[in-house]
Amino acid sequence: MNTPPALEIHALEKHYPRFALGPLDLTVPNGAIYGLIGPNGAGKTTLIDQIFGMGSPDAGTIRVCGLDHARDEVAVKERAAYVGPDLNFAAWGRVAKAIRFVRGFRTTWDDAYCTRLMQAFGLEANERIATLSFGGRTKLSLLLALAWHPQLLVLDEPTTGIDAHSKKIVFSELLGIVRDEARTVLISSHQLSDLERFADRVGVLHRGRLVAEGATAELVERHLQAEWEADNAEAFASVPGMTVQERDGSRWRAVLDTLTCPLAALASRGARELRTQPLTLEELFLALTK
Amino acid sequence: MKLLILDFLRRWWWMFVLLCLLSFSTTIGGFPFALGPAAMFCLLVDAGRGVFRVVRPLPVPRREQAQTWWLLGVLAVPLVTLLPIVLGSFVYLSVHDPVGVTLVPPQEITSSGVAAPPMSIFIPTYSPWFAAGVQIWVGLGFAGFCFLLGSCLPTRPPEGIWESICAMLVGGLWGLSIPGLTILLPHLPRTPSALLPWHWAIVASVPFWVVISYFTAPDLLRRRTTAPVPARKPARPSTPAEWRGHVTGVPFYLVNFVARSTLMLLFISLVQVLFTGWLTGSAPIGPFAAIQTVCFAIIFSALSGEWCALRTLRALPLSTTQLAALLMAVPLSNGVMAAALASSWYGFGDAAVPMLVNFVAQTVAIAGLGALGMAAMLHFATGLRILVLIIVMWISAGVLFLCAKTPLWLALVGVAATALAWLALLRGLRNSAAFYQPRRFFGVSIGQPTASS
């Protein structure tokens, strides 16, 4: 049987007076960690909000595990968990009460796993949520999302404010649920080095558009930084797959997507002294979102 | 100091304009009114937003910062409202006999069925300049008292029984401060001959509150700019028994939020009844107290949207309709509680119909208007929602006052408000980004340093 992807977004659009998201197509396959990266205000949180019904799209469709996010909103939320920086559980007073509240909605709640996560994150049932640090509150949100084994885990900036030890635990848990339980994680983060290590696929969102997308290793490999000399500037004015970073007289520096802009294409346009070097995900991100 | 004061006035100008309008209109209506603690309320909203922490590292001495907050919290409102009260008094005197004005006694209001402004029932005679002086003076003292209370408000959840009791006491008194003033002011003397011993006591205590509040200002600054101490951690590890329970999920939400809101309303009404009863002896309390209870219910209902952590609720497996129904539960329970108090205890409503009819009509109206307030406030994520809250409260008080004698109209208004609130909630839950944005002023962490939140 053909299993639908964990998340399938098609032609999604959301317009605000000063910002527009999309049109955007995105597919997150089952059993993968998908990293969504983009500068501040790129539309990452807006995109994630649409999945959980925090605002409705102006156009397009969102399907979670094959279910329409609007028509089957309850079924979608029975399969998908959300962790975000603005989640606030302080209204419930203590950690135990927040757990007690959330576990009532989750039939697959795992008390043993919850206990283990509490120990790993250093949380106590009797602690006041309002006195937890920012990182402590993030850990609580993560615990409440992980402890019922969701099919799709959507994490918006989950590692912001948490220490290196906790970050390690978070990624080890995420890898665990993806490898052992074949579940899916969509993670929006500015921690590019972490995503480069852990994410199977990444998507780069810039000004509401997905400017690059693919398997992390492949995406990084297929992009190169190139430097060359050329007298004919017009030949390089608009080359598909080429993002110019710097131009100093006849000297050019650009990032190339070798899939659409092979090195031979530059040579055929008159590039001399062509030199290339590989990029890290962070360098690629900086080049694409400049 | 000057820059800080100007900055505060620039951000809160609309609040001062509203206060001036209120003071002017009530003064020309025969009742000068200085809502002294209003600026302290604004200061605490600022504290919740982290303004104190932002200002703290600026090159302004700590002592000067504390003095600035004290000047604004205690002196600003009495000083600003002085002008509209003086102007209003001139207007009043130009159309009225300055001495010996006799207003309609309460029994005539009931028999004729014509309702005079509720506050006027306490005013037998009126000497405008004397009354204005007393109101401003007492307003100043009350502002000092509220500044003191605001300084003592807990900045972190209490630990242990004594801290909890103190926090509850200070929080309760703070919650009652503005309504307490609105209960107190109508009972202040209107002429020198009406001065009673307890009036003298209040008037004489004003310098004490003003001076002592000045000395608490540095403490206010310190408490509002220091990160809270983390709670002590228990030695033993947590076990599932600590978070298991029969009441969980939606029932747990209802028990937590509905019970909390209802208990707060009950507590405030009880204090109000005792306080008004003490001031007026066995005399009937009148519609004023009932409308005040209603206003509390509307406020709690409107604020319930701020307290419920909507973003968290939205990610749970509840449909939009279910979530809207869950949100409406708090206004409904507040409506039931406030209507029960207003119709039975205060005898508010149409005396010609059974109490149950008044109760039902008032329940529908208070619940509907409260839900409308909540939906309206959720549509704004900025400070504008304080204005929305004030407008909703004014409209609600007006509607309740005007339609109290006609339960059918009251019920119809309630049904219309409920329907409107329902549609607005559904619309907002689906489409409004403001619904899910962080709410800093009235959130559960109000008053907490923002660095920790």
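The values are calculated or read from the model by the stated rules, or taken from the named source; none is laboratory data. Computed from a prediction, not measured in an experiment: that's the story for all the values here. In this analysis, Cβ positions are derived from the backbone assuming ideal geometry, glycine residues included, and neighbour counts consider all displayed protein chains. Protein only, heavy atoms only, side chains kept; ligands, DNA and RNA dropped before computing areas. Shrake-Rupley method; radii C 1.70, N 1.55, O 1.52, S 1.80 Å.
Report, for the protein assembly as shown, the % of DSSP beta bridges that are antiparallel, rounded to 5.
70
Where the convex hull is taken over the Cα atoms of chain A, what is its projected area averaged over directions, in nm²?
Working: hull surface 70.6 nm².
Averaged projected hull area, Cα only: 17.6 nm².
Taking every residue in A:128-138, how many Cβ atoms of other protein chains lie within 10 Å of its Cβ, on average?
4
If A:Glu282, A:Glu157 are ordered by their accessible area, calculated over protein heavy atoms with a 1.4 Å probe, which sequence runs from highest to lowest? List each step's numbers first, then the result.
Numbers: A:Glu282 100, A:Glu157 35 Å².
So the residues, ranked largest to smallest area, are A:Glu282, A:Glu157.
Can you tally the net charge around A:Cys65? Count Lys and Arg as +1, Asp and Glu as -1, for every other residue whose Cβ sits under 12 Å from the Cβ of A:Cys65.
0
Taking each residue in A:42-50, count the Cβ atoms of any other chain within 10 Å of its Cβ, then average. What number comes out?
Counting Cβ atoms of other protein chains within 10 Å of each residue's Cβ and averaging gives 1.
Could you work out the local net charge near A:Phe52, counting Lys and Arg as +1, Asp and Glu as -1, over the other residues with Cβ closer than 14 Å to its Cβ?
+1
Through the Karplus equation 6.51 cos²θ - 1.76 cosθ + 1.60, θ set to phi - 60°, convert the phi angles of the range A:104-115 into ³J(HN,Hα) values in whole Hz; use x for Gly and Pro.
Result, rounded to whole Hz: x, 8, 10, 6, 9, 4, 10, 5, 5, 5, 4, 4.
Can you list residues whose amide H is under 5 Å from A:Ala20's amide H, if they're 5+ apart or on another chain and H is modeled 1.01 Å from N?
Residues meeting the criterion, in which the H sits 1.01 Å from N, do not exist here.
Extension gain A:Leu263-A:Leu286, at 0.36 nm per residue separation less the Cα-Cα distance, in nm?
Full extension from A:Leu263 to A:Leu286 adds 6.2 nm.
Using the alpha carbons of chain B, what is the convex hull volume per residue in cubic angstrom, as a whole number?
Normalising the Cα hull of chain B by residue number yields 164 Å³.
Restricting to Cα atoms and excluding each atom paired with itself, what does the Kirkwood estimate give for the range B:360-403 in Å?
Taking the inverse mean of 1/r over all distinct Cα pairs, the range B:360-403 comes out at 10.8 Å.
I need to check one value: relative contact order of chain B, counting alpha carbon pairs closer than 8 Å and at least 6 residues apart, in percent.
Rounded, it is 17 percent for chain B.
How much length, in nm to one decimal, is gained on full extension between A:Ser133 and A:Arg179, taken as 0.36 nm per residue of separation minus their Cα-Cα distance?
13.5 nm
If I take all pairs of Cα atoms in the range A:154-236, what percentage of them are more than 14 Å from each other?
Cα-Cα pairs of the range A:154-236 separated by over 14 Å account for 72 percent.
Taking a probe of 1.4 angstrom, what is the accessible area of B:Phe16 in Å², to the nearest 10?
20
Where Rh denotes the Kirkwood radius from the mean inverse Cα pair distance, what is Rg over Rh for the protein assembly as shown? Walk me through the numbers before you get to the answer.
Numbers: Rg = 30.8 Å, Rh = 29.2 Å.
Across the protein assembly as shown, the Cα-based Rg/Rh ratio is 1.05.
Top to bottom by accessible area (1.4 Å), largest first, where do A:His190, A:His10, B:His379 land?
So the residues, ranked largest to smallest area, are A:His10, A:His190, B:His379.
Over every pair of different alpha-carbon atoms in the range B:317-357, take the mean of 1/r and invert it; report that Kirkwood radius in Å.
Numbers: mean 1/r = 0.0833 Å⁻¹.
This gives a value of 12.0 Å.
Please give the residues of the range A:7-34, grouped as numeric ranges, whose backbone N is less than 14 Å from a label point set 7 Å along the Cα-to-Cβ vector of A:Ala70.
From the range A:7-34, the list is A:10-15.
Per residue of the range A:147-157, what does 6.51 cos²θ - 1.76 cosθ + 1.60 with θ = phi - 60° give for ³J(HN,Hα)? Whole Hz please, x for Gly and Pro, Karplus curve as stated.
5, 10, 6, x, 6, 10, 10, 10, 10, 9, 6
Hey, how much of the P(r) for the range A:39-139 falls beyond 24 Å, as a percent of Cα pairs?
37
Arranged from highest to lowest average of other beta-carbon atoms within 10 Å per residue, in what order do the peptides A:43-53, B:290-300, B:399-409, B:187-197 appear?
In descending order of packing, they fall as B:290-300, A:43-53, B:399-409, B:187-197.
Per residue of A:58-67, count partner chain C-beta atoms within 10 Å of its C-beta, then hand back the mean as an integer.
What the average comes to for A:58-67 is 0.
Compute the Cα gyration tensor for the range A:108-155, then decide on rounded, prolate or oblate, letting a ≥ b ≥ c be the square roots of its eigenvalues: rounded whenever a/c is under 1.5, prolate when a/b is larger than b/c in the other cases, and oblate in all that remain. Mind dumping the intermediate values first?
Details: a/c = 2.44, a/b = 1.44, b/c = 1.69.
It is oblate, given that a/c is not under 1.5 and a/b is not larger than b/c.
Using a 1.4 angstrom probe on the protein heavy atoms only, line up B:Met264, B:Met40 by accessible area, largest first.
Ranking B:Met264, B:Met40 by accessible area, largest first, yields B:Met264, B:Met40.
Provide the gained length on full extension for the span B:His187 to B:Ile390, in nm with one decimal, where the gain is 0.36 nm per separating residue minus the Cα-Cα distance.
Full extension from B:His187 to B:Ile390 adds 70.7 nm.
Where the convex hull is taken over the Cα atoms of the range A:98-195, what is its projected area averaged over directions, in nm²? It would help to have the intermediate numbers written out before the result.
Working: hull surface 24.6 nm².
Value for the range A:98-195: 6.1 nm².
When you count, for each residue, the other Cβ atoms within 10 Å and take the mean per peptide, how do B:30-38, A:166-174 rank with the highest first?
Top to bottom by mean Cβ count within 10 Å: B:30-38, A:166-174.
What is chain A's relative contact order, in percent, from Cα pairs under 8 angstrom and six or more apart in sequence?
About 21 percent, as a whole number.
Can you list the HN-Hα couplings for the range A:53-68, worked out from phi with the Karplus curve (6.51, -1.76, 1.60; θ = phi - 60°), rounded to whole Hz and with x for Gly and Pro?
Residue by residue, the range A:53-68 yields x, 8, x, 10, x, 7, 7, x, 10, 10, 10, 10, 6, x, 9, 6 Hz.
Could you state how much accessible area is buried at the A-B interface, both sides summed, with a 1.4 Å probe, in Å² to the nearest 100?
Details: alone 14180 and 21860 Å², together 31780 Å².
The buried area between A and B, both sides summed, comes to about 4300 Å².
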